Amino acid sequence: MVEHLLVPVDVGPLGERAFVPSIELARQLGAAITGFVVEPFGAAPVPKGSAPLAVDTPRTDAGLQAHAHAVLARFEGLAREAGVPFHSAATQAVEVSEAILAAAREHGCDMIVMVTHGRGLLAELLWGSNTRKVVAQTRLPVLVLH
């Protein structure tokens with residue numbers, strides 16, 4: 001029985017496409033939702049006159065975090081209107097798919113609901129796919145919305 005959904009959302013319009021279907025699914029199942037935003041670390045700024053580092057240095061971006069919390073607040077409002085218990089979490093990580101899997105474990109989720117960009121095989125080879133990585137690395141059921 002599914003009792004707790006992890007719904008990782010992108011902070012763009014694509015991520016918000018998961019709101020309504022995941023809330024409806026949770027309502028039908030009597031499940032709770034943990035809305036989750038994970039943003040990759042950006043490269044640290046390079047001081048003027050310095051050569052860029054060969055490897056990006058992780059940095060926290062307060063603007064990204066504020067936007068993530070705003071997105072999660074909209075998600076939470078919709079869930080609460082539908083009578084669905086909701087919890088939110090946001091983080092930054094080097095590897096997005098690993099952060100999603102860690103969040104599912106940490107919050108005791110028994111299903112993951114994700115939206116895919118649906119870029120196609122060539123784009124996945126070039127940029128990768130967090131959805132594909134999550135599906136490949138978890139034993140939890142994953143509902144992929146396109």
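The values are calculated or read from the model by the stated rules, or taken from the named source; none is laboratory data. Note that the coordinates shown come from a computational prediction; the quantities given were computed from them, not determined experimentally. Positions of Cβ are generated from backbone atoms using ideal geometry, with glycine treated the same way; all protein chains shown enter the neighbour counts.
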#### Entry: Among the candidates Glu3, Glu16, residue that is over 11 Å from the mean Cα position of the chain (by Cα), charged (D, E, K, R) and at pLDDT 80 or above
Glu3
## Note on the structure
When (1) surrounded by 11 or more Cβ atoms within 10 Å (Cβ to Cβ); (2) modelled with pLDDT of 70 or more; (3) over 21 Å from Leu140 (Cα atoms) are applied to Arg105, the one that fails is (3)
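Residue-by-condition table, conditions (1) touching a residue at least 60 places away in the same chain (Cβ under 8 Å); (2) more than 14 Å from the chain's Cα centre (by Cα); (3) closer than 16 Å to Val11 by Cβ:
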| site | (1), (2), (3) |
| --- | --- |
| Arg80 | no, yes, no |
| Val84 | yes, yes, no |
| Ala99 | yes, no, yes |
| Ala104 | yes, no, no |
| His107 | yes, no, no |
| Asp110 | yes, yes, no |
### Query
Given (1) surrounded by 19 or more Cβ atoms within 10 Å (Cβ to Cβ); (2) of a type in the set (D, E, K, R); (3) modelled with pLDDT of 90 or more, where does Arg80 come up short, assuming only one miss?
(1)
### Query
Within the stretch 70-116, how many residues are part of a helix (DSSP H, G or I), hydrophobic (A, V, I, L, M, F, W, C) and out of contact with any Phe, Trp or Tyr (no Cβ under 9 Å at 6 or more places or on another chain)?
6
### Task
Please enumerate the residues belonging to the stretch 17-40 that are of a type in the set (D, E, K, R) and touching a strand residue (DSSP E or B) at 6+ places or on another chain (Cβ under 9 Å).
Arg17, Glu39
### Message
If I go through the stretch 99-118 residue by residue, how many of them are more than 19 Å from Ala31 (Cα to Cα) and out of contact with any helix residue (DSSP H, G or I) (no Cβ under 8 Å at 6 or more places or on another chain)?
### Response
3
